[in-house]
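> Can you read through this structure? Questions will come right after.
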Amino acid sequence: MPEVETIEYFKSAGKANTEKALKLAYEYSEEYKIPKIVIATTKGSTAAKALDIFTDLEKLVIVTHSFGFLKPGESEMDDDLLGLLKKKNISVLTGTHAFAGVDRAIRKKHGTWEIAELIAEVYRTFGQGTKVCAEITLMAADSGLVPIDQDILAVGGTGRGADTVWQIQPTNTFSFFDLKMKKCLCKPL
């Protein structure tokens, strides 16, 4: 009988789980030779914590909110941390969210839900972090920052920080249905 792997379930969602989630991702990536770890960060605190945990920084892909997410024309990412990440040759992706963009503009203006945001809502039934993991994986694949022929790890969260890690087979957004959420390492209950 095959060995059963366990999932770490956090009692609550949010940033209190960041260090544990990142350590799980690090240990798993080392054991299973995962080539890339895609990490969501808004202002940069999750990315900064990843710098303390991961030894092979070239594995990391940091995904931030797009410019204008909160305020038109502005980024939420800390400029000093962004400079440090670039100095360490860590890939940083700032772009339109795969499950938002024009669909969100239509919903906000006309009150009509479009398919990409409906897909996001379905992913959220498994937790906000699961939605984030799927979304940042698509974004990283579209940007050529992760291989689409090898599994990667995605680290997302609920609000601030990280609380969810998935092993995912990436794909590009135009082949969305080929995205495979293979294994959950941790998530909040």
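Please treat every number below as a calculation from the coordinates, not as lab data. Not measured: the values here are computed from a predicted model. With ideal geometry, Cβ positions are generated from the backbone for all residues, glycine too; neighbour counts draw on all protein chains shown.
> Are there trypsin sites (Lys or Arg not before Pro) in the stretch 151-189 that DSSP marks as loop and that have at most 16 other Cβ atoms within 10 Å, and which are they? Walk me through the intermediate numbers first.
Numbers: sites: Arg160, Lys180, Lys182, Lys183; in loops: Arg160.
Answer in residue order: Arg160.
> Another question, if that's okay. For Glu31 and Ser175, what does the FRET efficiency come to when R0 = 25 Å and r is the distance between their Cβ atoms, rounded to the nearest 0.05? Could you put the intermediate results ahead of the total?
Details: r = 29 Å, r/R0 = 1.16.
That gives a FRET efficiency of 0.30.
> Still on this structure, I have one more. Search the structure for amide H atoms under 5 Å from the amide H of Lys180, placed 1.01 Å from N in the peptide plane, and list their residues when 5 or more places away or on another chain.
The list, which skips near neighbours in sequence, is Gln169.
> Determine, from the Cβ-Cβ distance of Ser143 and Asp56 and an R0 of 22 Å, the FRET efficiency 1/(1 + (r/R0)^6), rounded to the nearest 0.05. Can you show the working numbers first?
On the way: r = 20 Å, r/R0 = 0.90.
Rounded to the nearest 0.05, the efficiency is 0.65.
> Do the sum for the chain: with -39,500 (n - 2.57) for every DSSP H run of n ≥ 4, divided by all residues, what is the mean residue ellipticity at 222 nm, to the nearest 500 deg cm²/dmol?
Details: 6 runs with 66 residues, N = 189.
One gets -10500 deg cm²/dmol as the mean residue ellipticity at 222 nm.
> Rounded to the nearest 20 Debye, what is the dipole magnitude of the chain about its Cα centre when Lys and Arg each give +1 and Asp and Glu each give -1 at the C-beta?
Numbers: 24 positive and 25 negative charges, 99 e Å.
Here the size comes out at about 480 debye.
> A follow-up question, please. For the stretch 117-166, what does the relative contact order come out to in percent, with C-alpha contacts under 8 Å and a separation of six or more?
Relative contact order for the stretch 117-166 comes out at 38 percent.
> Pop out the Kirkwood hydrodynamic radius of the chain from its pairwise C-alpha distances, inverse of mean 1/r, in Å to one decimal.
Working: mean 1/r = 0.0601 Å⁻¹.
Across the chain, the inverse of the average 1/r is 16.6 Å.
> Continuing with this model, one more query. With the dipole of the chain worked out from charges on the C-beta (+1 for Lys and Arg, -1 for Asp and Glu) around the Cα centre, which of Phe177, Leu118, Ala134 lies farthest toward the positive end?
Of the listed residues, the answer is Leu118.
> Under 5 Å between amide hydrogens, which residues at least 5 positions from Trp113 or on another chain qualify, with H placed 1.01 Å from N in the peptide plane?
Amide H to amide H, under 5 Å and 5 or more residues apart or across chains, Trp113 pairs with nothing.
> Working out 0.36 nm times the residue gap between Arg160 and Lys23, then minus their Cα-Cα distance, what length gain in nm do you get to one decimal? Walk me through the numbers on the way to the answer.
Working: separation 137, 0.36 × 137 = 49.32 nm, distance 1.70 nm.
Computed gain between Arg160 and Lys23 is 47.6 nm.
> Here's something else I'd like to know. Can you compute the charge dipole magnitude of the stretch 16-105 about its Cα centre, using +1 on each Lys and Arg Cβ and -1 on each Asp and Glu Cβ, nothing else charged? Give it in debye, rounded to the nearest 20. Please list the in-between numbers first.
Values: 12 positive and 13 negative charges, 21 e Å.
Dipole magnitude for the stretch 16-105 comes out near 100 debye.
> Distance cut-off 27 Å, Cα to Cα: go down the list Lys33/Lys87; Lys11/Lys131; Lys109/Lys182 and report the pairs above it.
Values: Lys33/Lys87 25 Å; Lys11/Lys131 19 Å; Lys109/Lys182 36 Å.
Those over the limit are Lys109/Lys182.
> Further question on the same structure: Relative contact order, percent, of the chain when contacts are C-alpha pairs under 8 Å separated by at least 6 residues? Write down the numbers at each step before the final one.
Numbers: 377 pairs, mean separation 54.6, N = 189.
Normalised by residue count, the contact order of the chain is 29 percent.
> Listed highest first by mean packing, meaning other Cβ atoms within 10 Å per residue, what order do 167-178, 102-113, 17-28 come in? Mind dumping the intermediate values first?
Values: 167-178: 15.2, 102-113: 12.0, 17-28: 20.1.
Order by mean packing, descending: 17-28, 167-178, 102-113.
> Can you tell me the length gained on complete extension of the stretch Ala48 to Gln150, counting 0.36 nm per residue apart and subtracting the Cα distance? Numbers along the way, then the final one.
Details: separation 102, 0.36 × 102 = 36.72 nm, distance 2.58 nm.
Stretched fully, the Ala48-Gln150 segment lengthens by 34.1 nm.
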